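Visitor: Just passing along the structure, written as structure tokens.
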Amino acid sequence: MTERLHDYPRVDDLLVVIQTAELGSLSLAAHALGLAQPNASRAVHRVERRLGVRLFSRGARGSVPTTEGALVIDWARDVVEANRRLLTAASALTRPASAPLRIAASQTIAEELLPGWLGTFRREWPDVEIALTVANSTEVGRLIGADVLGFVESPELPATVPAGASSQVVAADRLVVVVAADHEWARRTRPVSLDELLATPLVVREPGSGTRVSLEQAVAGHGRLAAPALELASNAAVRVAVASGAGPAVLSELAVRASVAGGMLRAVMVDDLAIARQLRAVWLGQPSPAMRALIEVAEAAGAR
């Protein structure tokens with residue numbers, strides 16, 4: 001098959017699509033990206049035309065991804081992330097050799113906590129170059145080495161963490177069940193039963209993610225989860241799919257608090273289900289002063 005340039009969506013158009021899904025509004029996405037709204041609208045339409053998929057339903061609730069659109073948006077994130085890696089790697093080729101602080105972090109930590117930690121760290125260590133890799137907890141375990149500090153969210157250290165690695169709890173988290181605002185569970189006055197949760201196809205993170213492992217371990221003594229409604233590779237994609245009606249999900253409280261506060265999702269109680277977990281820093285050998293400083297920042301933030 002002959003490939004043609006116009007067969008591919010533009011990366012900047014995909015950014016508009018992703019931001020629209022995240023914010024639930026084309027106008028808010030345009031504002032966040034510094035675009036005029038007509039230009040943002042044209043970007044979404046270009047992607048829809050090139051892929052032949054209607055991405056959003058537009059109405060009083062704003063721009064809500066269609067079922068097919070939620071999948072496309074999740075795949076688009078992979079394209080944008082690959083583009084970021086390209087730019088980062090190309091930039092590294094032109095920099096003088098240095099010893100950056102290398103971090104590998106699970107998605108929930110990278111999205112919800114690490115930006116604040118790094119902001120505090122930067123005030124004390126302004127000249128340290130930071131190289132960040134975001135992956136699920138299983139993959140983070142593989143990346144940990146003498147020069148890579150890891151942050152994982154599994155209920156216990158992943159089996160992929162190197163033998164002899166040290167770890168320290170820096171924060172705590174819990175998982176919550178969330179549904180779309182118009183889901184039947186959102187209207188209930190009593191908790192959902194654990195048996196009902198187990199029997200319901202959920203929107204879940206990919207195998208190996210700390211969130212998925214935590215859920216599976218929490219219900220292991222009660223039965224098996226139903227086959228997933230969808231498996232998605234990011235918390236953001238799961239939130240979008242749940243809001244679009246794809247099914248309930250179990251996600252970190254950190255990852256859903258803004259969506260619940262904004263009314264996009266509803267948190268529901270489940271009888272006999274409480275999933276608390278510890279978030280850990282993991283390293284191999286003697287941590288560098290910069291590593292130790294970031295661990296202390298994370299631990300202080302977690303204590304607050």
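The values are calculated or read from the model by the stated rules, or taken from the named source; none is laboratory data. Predicted model, so just to flag it, every value in this text is computed and none were measured. Please note: Cβ atoms are built from the backbone with ideal geometry, for glycine as well, and neighbour counts cover all protein chains shown.
Visitor: Given the residues Asp195, Asp173, which is the only one that is outside any loop (DSSP other than H, G, I, E, B), more than 30 Å from Ala281 (Cβ to Cβ) and among the acidic types (Asp, Glu)? Can you show your working first?
Guide: Values: Asp173 fails: more than 30 Å from Ala281 (Cβ to Cβ).
On inspection, the qualifying residue turns out to be Asp195.
Visitor: Here is a follow-up. Just to be sure before I move on: is Ala180 touching a strand residue (DSSP E or B) at 6+ places or on another chain (Cβ under 8 Å) and either of a type in the set (Ser, Thr, Tyr) or closer than 30 Å to Val64 by Cβ (or both) in the structure I sent? Give the steps one after another, and end with the answer.
Guide: Details: touching a strand residue (DSSP E or B) at 6+ places or on another chain (Cβ under 8 Å): yes; either of a type in the set (Ser, Thr, Tyr) or closer than 30 Å to Val64 by Cβ (or both): yes.
Yes; evaluated as a whole, the condition is true for this residue.
Visitor: Find the residue count for segment 184-228, including only residues that are surrounded by 13 or more Cβ atoms within 10 Å (Cβ to Cβ) and either aliphatic (A, V, I, L, M) or closer than 19 Å to Thr108 by Cβ (or both).
Guide: 25
Visitor: Okay, next question. When you go through (1) surrounded by 17 or more Cβ atoms within 10 Å (Cβ to Cβ); (2) under 26 Å from Leu232 (Cβ atoms) one by one for Val128, which number turns out not to apply?
Guide: Of (1) surrounded by 17 or more Cβ atoms within 10 Å (Cβ to Cβ); (2) under 26 Å from Leu232 (Cβ atoms), only one is false for Val128: (2).
Visitor: Still on this model: Please determine, by comparing only the residues of segment 145-162 that are over 20 Å from the mean Cα position of the chain (by Cα) and part of a loop (DSSP other than H, G, I, E, B), which one is surrounded by the fewest Cβ atoms within 10 Å (Cβ to Cβ). Quick ask: steps written out before the conclusion?
Guide: Step one: filter segment 145-162 for residues over 20 Å from the mean Cα position of the chain (by Cα), giving 145-148, 159-162.
Cutting the leftovers down to part of a loop (DSSP other than H, G, I, E, B) gives us 146-147, 159-162.
On the way: Ala146: 12, Asp147: 15, Ala159: 8, Thr160: 16, Val161: 25, Pro162: 16.
Applying the filter and picking the extreme gives Ala159.
Visitor: Same structure, new question: Any residue at all in segment 105-114 that's part of a strand (DSSP E or B) and crowded, with 21+ Cβ neighbours inside 10 Å? Quick ask: steps written out before the conclusion?
Guide: Step one: list which residues in segment 105-114 are part of a strand (DSSP E or B), which gives 105-106.
The next check asks that each one be crowded, with 21+ Cβ neighbours inside 10 Å; those that pass are 105-106.
Taking every residue of segment 105-114 in turn, at least one turns out to be part of a strand (DSSP E or B) and crowded, with 21+ Cβ neighbours inside 10 Å.
Visitor: Give me a count of the residues in segment 262-287 that are in a loop (DSSP other than H, G, I, E, B), in contact with a Pro (Cβ under 8 Å, 6 or more places away or on another chain) and either under 20 Å from Glu156 (Cα atoms) or not assigned by TED's automatic domain parsing to the domain that holds Glu216 (or both).
Guide: Quick first cut of segment 262-287, residues in a loop (DSSP other than H, G, I, E, B) only: 262-264, 269, 271-274, 284-287.
With the extra rule that they be in contact with a Pro (Cβ under 8 Å, 6 or more places away or on another chain), the set shrinks to 269, 271, 284.
With either under 20 Å from Glu156 (Cα atoms) or not assigned by TED's automatic domain parsing to the domain that holds Glu216 (or both) added as a condition, the list becomes 284.
The qualifying residues number 1.
Visitor: Further, regarding this structure: Scan segment 258-272 and give yes if some residue there is closer than 28 Å to Ile18 by Cβ and among the hydroxyl-bearing types (Ser, Thr, Tyr), otherwise no.
Guide: Just the residues of segment 258-272 that are closer than 28 Å to Ile18 by Cβ, to begin with: 258-268.
Now drop any that are not among the hydroxyl-bearing types (Ser, Thr, Tyr), which leaves 259.
Taking every residue of segment 258-272 in turn, at least one turns out to be closer than 28 Å to Ile18 by Cβ and among the hydroxyl-bearing types (Ser, Thr, Tyr).
Visitor: Something else about it: Could you pull out the residue among Ala249, Ala181, Ala261, Ala255 that is surrounded by fewer than 23 Cβ atoms within 10 Å (Cβ to Cβ) and either at pLDDT 90 or above or touching a helix residue (DSSP H, G or I) at 6+ places or on another chain (Cβ under 7 Å) (or both)? It would help to see each step written out before you state the result.
Guide: Details: Ala249 fails: surrounded by fewer than 23 Cβ atoms within 10 Å (Cβ to Cβ); Ala261 fails: either at pLDDT 90 or above or touching a helix residue (DSSP H, G or I) at 6+ places or on another chain (Cβ under 7 Å) (or both); Ala255 fails: surrounded by fewer than 23 Cβ atoms within 10 Å (Cβ to Cβ).
Going through Ala249, Ala181, Ala261, Ala255 in turn, just one is surrounded by fewer than 23 Cβ atoms within 10 Å (Cβ to Cβ) and either at pLDDT 90 or above or touching a helix residue (DSSP H, G or I) at 6+ places or on another chain (Cβ under 7 Å) (or both): Ala181.
Visitor: If you go through segment 141-161 one residue at a time, how many are in contact with a helix residue (DSSP H, G or I) (Cβ under 8 Å, 6 or more places away or on another chain) and not aliphatic (A, V, I, L, M)? Please lay out each step first, then the result.
Guide: Going through segment 141-161, the residues in contact with a helix residue (DSSP H, G or I) (Cβ under 8 Å, 6 or more places away or on another chain) turn out to be 149-155, 157-161.
Still in the list and also not aliphatic (A, V, I, L, M): 150-151, 153-155, 158, 160.
Within segment 141-161, residues that are in contact with a helix residue (DSSP H, G or I) (Cβ under 8 Å, 6 or more places away or on another chain) and not aliphatic (A, V, I, L, M) number 7.
Visitor: When the residues of segment 271-304 are filtered to those that are surrounded by 17 or more Cβ atoms within 10 Å (Cβ to Cβ) and among the basic types (Lys, Arg), which remaining residue is nearest to Leu198 (Cα to Cα)?
Guide: Arg277
Visitor: State which residue pairs qualify: first residue part of a loop (DSSP other than H, G, I, E, B) and inside segment 57-69, second residue of a type outside the set (Lys, Arg) in any location, beta carbons under 7 Å apart, and separation of 6 or more residues or different chains.
Guide: Listed pairs, sorted by first residue: Thr66/Leu55; Thr66/Phe56; Thr66/Ser57; Thr66/Ser244.
Visitor: Yes or no: Leu149 more than 29 Å from Gly24 (Cα to Cα), touching a His at 6+ places or on another chain (Cβ under 8 Å) and in contact (Cβ under 8 Å) with a residue 40 or more places away in the chain? Quick ask: steps written out before the conclusion?
Guide: On the way: more than 29 Å from Gly24 (Cα to Cα): yes; touching a His at 6+ places or on another chain (Cβ under 8 Å): no; in contact (Cβ under 8 Å) with a residue 40 or more places away in the chain: yes.
Taking the combined requirement at face value, the residue does not satisfy it.
Visitor: Within segment 6-34, can you find the residues that are assigned to a loop (DSSP other than H, G, I, E, B) and buried (at least 20 other Cβ atoms within 10 Å of the Cβ)? Spell out how you get there, then give the answer.
Guide: First pass over segment 6-34, keeping only residues assigned to a loop (DSSP other than H, G, I, E, B): 8-10, 24-25, 34.
Within segment 6-34, Gly24 is the sole residue that qualifies.
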